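Encoded as structure tokens, the structure appears first; notes follow it.
The values are calculated or read from the model by the stated rules, or taken from the named source; none is laboratory data. The model shown is predicted, which means the values in this text are computed figures rather than measured ones. Neighbour counts are summed over all protein chains in view; Cβ atoms, including those assigned to glycine, are modelled from backbone coordinates with ideal geometry. What goes into the accessible areas is simple: the full protein's heavy atoms, side chains included, and nothing from ligands, DNA or RNA. Shrake-Rupley method; radii C 1.70, N 1.55, O 1.52, S 1.80 Å.
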There are 2 protein chains.
Amino acid sequence: MIKARVTVTLKNGVLDPQGKAIGHALSGLGFDGVGSVRQGKVFDIEIEGDDRAAAEADLKAMCDKLLANTVIEDYSVTLI
Amino acid sequence: MIKARVTVTLKNGVLDPQGKAIGHALSGLGFDGVGSVRQGKVFDIEIEGDDRAAAEADLKAMCDKLLANTVIEDYSVTLI
């Protein structure tokens, strides 16, 4: 069993109104000095088997096909 | 300027129908051997100043107050 964490974040330059709203909310709660806030997604995925190279290749294919919109998002795959 | 990544994930035992749907979709796309899938959130936050200890304390307070629902979610703060 291989555990992996996939992190999907917006590419630089892509507007993130959700992140901006969170930043405003944090300032409203009294947190000073909050600069940019950008929100992304994380997926904790378990893959059966022990072939780490194959699992990593599979995970990248999953990102390309389903988990990330590669037009506007970057992803990173980390095996744990 | 301090950059930090906050990761918010569901606690173990909390049902994650969204993650389950993603797992089913991955199986439907032909990815065999996908076990559990759990989805979480990630926030990339910039904090002004150079006091890393204060920034980390602030970030934890932000999680407790806004970014995470600590009844059902865990969070981790990593300064980059």
| query | Counting only other chains, what is the mean number of Cβ atoms within 10 angstrom of the Cβ of each residue in peptide B:42-50? | reply | 6
| In chain B, what trypsin sites (Lys or Arg not before Pro) fall in a loop by DSSP, with at most 16 other Cβ atoms inside 10 Å? | B:LYS11
| request: Let me have the relative contact order for chain B, percent, based on Cα pairs under 8 Å that are six or more residues apart. | output: 53
| message | Checking the table A:LYS65/B:LYS65; A:LYS60/B:LYS60; A:LYS65/B:LYS3; A:LYS3/A:LYS41 against a 27 Å threshold on Cα-Cα, which pairs fail? | response | A:LYS65/B:LYS65; A:LYS60/B:LYS60; A:LYS65/B:LYS3
| request: Could you state the angle between the C-alpha long axis of helix A:52-62 and the longest principal axis of the C-alpha atoms of chain A, as a value from 0 to 90 degrees rounded to the nearest 10? | output: 50
| task | Sequence neighbours fewer than 8 away in the same chain don't count; with that in mind, list the aspartates and glutamates whose C-alpha is under 19 Å from B:LYS11. | result | A:ASP44, A:GLU46, B:ASP64, B:GLU73, B:ASP74
| Interface B:A - total buried accessible surface [probe 1.4 Å, Å², rounded to 100] | 2700
| task | May I ask you to list the GluC sites (Glu not before Pro) in region B:1-62 that are in a DSSP loop and have at most 13 other Cβ atoms within 10 Å of their Cβ? | result | B:GLU48
| said: I want to verify the translational diffusion coefficient of chain A in µm²/s; compute it with Stokes-Einstein, Rh as the Kirkwood radius over Cα pairs, at 10 °C and 1.306 mPa s. | reply: 111
| Calculated [θ] (222 nm, deg cm²/dmol) that DSSP helices of n ≥ 4 give over the protein assembly as shown, each run adding -39,500 (n - 2.57) | -9000 deg cm²/dmol
